[in-house]
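In what follows, a structure is listed as structure tokens, so that the remarks can point back to it.
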Amino acid sequence: MSPHPKKDIQTVKSDGSPVQKLIHGVVIQSSVTHVDDRGTLCEIYSPHRPPHEAPLVYVYQFTIRPGKIKGWHVHHLHDDRIFISQGQARVVLYDIRRDSPTYGMVNEIYRSELARNIMVIPAYVFHAHQNVGSTDALFISMPTRAYQHDDPDVYRYPVDTDQIPYKFDNRLGG
């Protein structure tokens, strides 16, 4: 162990936005939550400020149990638009598009119900979601192409693959 403490590095700007460069085509659009004495209303998607130009064609909900990981998977024919509604998650992205200016880049992004947003994940960007909270994480997915049950546009690697330069672990806070 080093006798000297390690200085923190900058992770966000003064306005709260991350300093991390995002993979080309990835969009994170904040959602607006309205609060009154009755509860809350969160605007998930609005045609007045769409995060992606494709129309809504299919919507589904999925959950991830605490500590569990869903991924690695990639799509060839559609982009994902995923809203976090509840919980806390680590999303890891890996760009395999050879013509992309961010080819080979990995992003690690933390998402939470405290700052709800839609994340656009382009085709040919591998992604995995890990629930890092203590309750089920709840997501609403709005892909740009409806799911084809007879011919799914989903290609998978196991979570511990060597094909993606990222390893999930049980990191302790510091």
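The values are calculated or read from the model by the stated rules, or taken from the named source; none is laboratory data. Keep in mind that what you see is a predicted model, and the values were worked out from it rather than measured. Please note: Cβ atoms are built from the backbone with ideal geometry, for glycine as well, and neighbour counts cover all protein chains shown.
For residues that are surrounded by fewer than 17 Cβ atoms within 10 Å (Cβ to Cβ) and among the aliphatic types (A, V, I, L, M), scanning just the range 141-157, find the one that is nearest to His24 (Cα to Cα). The qualifying residue nearest to His24 (Cα to Cα) is Val154. Tell me, which strands (runs of 3 or more DSSP E) wholly within the range 37-139 include 2 or more residues that are touching a residue at least 60 places away in the same chain (Cβ under 8 Å)? Here the list reads 60-64, 69-74, 80-86, 88-95, 106-112, 117-121, 125-131.
To keep it simple, each residue is scored yes or no on (1) small (Gly, Ala, Ser); (2) exposed (fewer than 14 other Cβ atoms within 10 Å of the Cβ); (3) modelled with pLDDT of 95 or more.
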position	(1), (2), (3)
Gly16	yes, yes, no
Gln29	no, no, no
Asp36	no, yes, no
Pro51	no, no, no
Tyr60	no, yes, yes
Ile82	no, no, yes
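With respect to (1) in contact (Cβ under 8 Å) with a residue 40 or more places away in the chain; (2) surrounded by fewer than 15 Cβ atoms within 10 Å (Cβ to Cβ), the lone exception for Asp160 is condition (1).
With the condition kept exactly as written, say whether any residue in the range 61-83 is of a type in the set (S, T, N, Q) and more than 17 Å from the chain's Cα centre (by Cα). Give the steps one after another, and end with the answer.
We begin by selecting, within the range 61-83, every residue of a type in the set (S, T, N, Q); these are 61, 63.
Then keep just the ones that are more than 17 Å from the chain's Cα centre (by Cα); that gives none.
No: zero hits.
Quick one: in the range 1-36, which of the residues that are of a type in the set (A, V, I, L, M) and in a strand (DSSP E or B) is nearest to Arg116 (Cα to Cα)? Spell out the reasoning first.
Our first condition is that a residue be of a type in the set (A, V, I, L, M); within the range 1-36, this holds for 1, 9, 12, 19, 22-23, 26-28, 32, 35.
Now narrow it down to the ones that are in a strand (DSSP E or B): 12, 27-28, 32, 35.
Numbers: Val12: 17, Val27: 13, Ile28: 10, Val32: 8, Val35: 14 Å.
This residue is Val32.
The residues of the range 42-53 that are closer than 14 Å to His78 by Cβ and out of contact with any strand residue (DSSP E or B) (no Cβ under 8 Å at 6 or more places or on another chain) amount to a single one, Glu53.
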